[in-house]
1. Please list, ordered by first then second residue, the pairs with beta carbon atoms under 6 Å, 6 or more apart or interchain, first in region 81-102 and within 22 Å of Ala56 (Cα to Cα), second buried (at least 24 other Cβ atoms within 10 Å of the Cβ) and of a type in the set (Ser, Thr, Tyr).
2. Going through Leu139, Leu76 one at a time, which residue ends up being more than 24 Å from the chain's Cα centre (by Cα), among the aliphatic types (A, V, I, L, M) and exposed (fewer than 14 other Cβ atoms within 10 Å of the Cβ)?
3. Filter region 89-108 for residues that are over 11 Å from the mean Cα position of the chain (by Cα) and in a helix (DSSP H, G or I); which is nearest to Gly54 (Cα to Cα)?
4. Counting only residues that are in a loop (DSSP other than H, G, I, E, B) and either modelled with pLDDT of 90 or more or in contact with a strand residue (DSSP E or B) (Cβ under 7 Å, 6 or more places away or on another chain) (or both), how many does region 44-68 have?
5. Only one of (1) under 15 Å from Arg42 (Cα atoms); (2) touching a residue at least 12 places away in the same chain (Cβ under 8 Å) is not met by Ile132, so which one is it?
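The values are calculated or read from the model by the stated rules, or taken from the named source; none is laboratory data. Keep in mind the model is a prediction, meaning the values are calculated, not measured. Cβ: placed from backbone, ideal geometry, glycine included. Neighbour counts: every protein chain shown.
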Amino acid sequence: MMTAITAAQSGGSVRSDLRTSTRAMSSHAALGACWIVYGILRIVMAAILAISSGTATVMFGALLVRVADPFSLMTLFHATYLFIIILSGVGGVIGILAGLALLGSGGYGRRLALLAAILSVSEIPIGTTLGIFTLVALLPRSPRAAD
């Protein structure tokens, strides 16, 4: 009886809270689906980069014909290329895990999505767009909202 009186006295705020939480869950589900699709794209991109590493090496090596020390620059190129492949693969796996956690409303969904957003902000244009939207949607708007 106490619950019915409290809900009636609140003027329907329980319903609005329920609608707000339902809306937040559906937006998290849409965000989760986007992260799954983007994670798959990142893994495909990492695979394509790994497969075409020979072609990329030949193309970059052709630019080094007139450089004084081409071997150190080629070593730097290989290290950077490997870092990009690893970043893309890790970002894809974390994106898929974040998407699944957001869809399943797991406890780690928000944290994984924030990590995936930070890793994807440098990937123009889709990663930047999805990463910034995720940061805006999942970070608290004010210090009081975090409490």
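1. Gly91/Ser120
2. On the way: Leu139 fails: more than 24 Å from the chain's Cα centre (by Cα).
Of Leu139, Leu76, the one residue that is more than 24 Å from the chain's Cα centre (by Cα), among the aliphatic types (A, V, I, L, M) and exposed (fewer than 14 other Cβ atoms within 10 Å of the Cβ) is Leu76.
3. That would be Gly89.
4. Residues meeting the conditions: 1.
5. (1)
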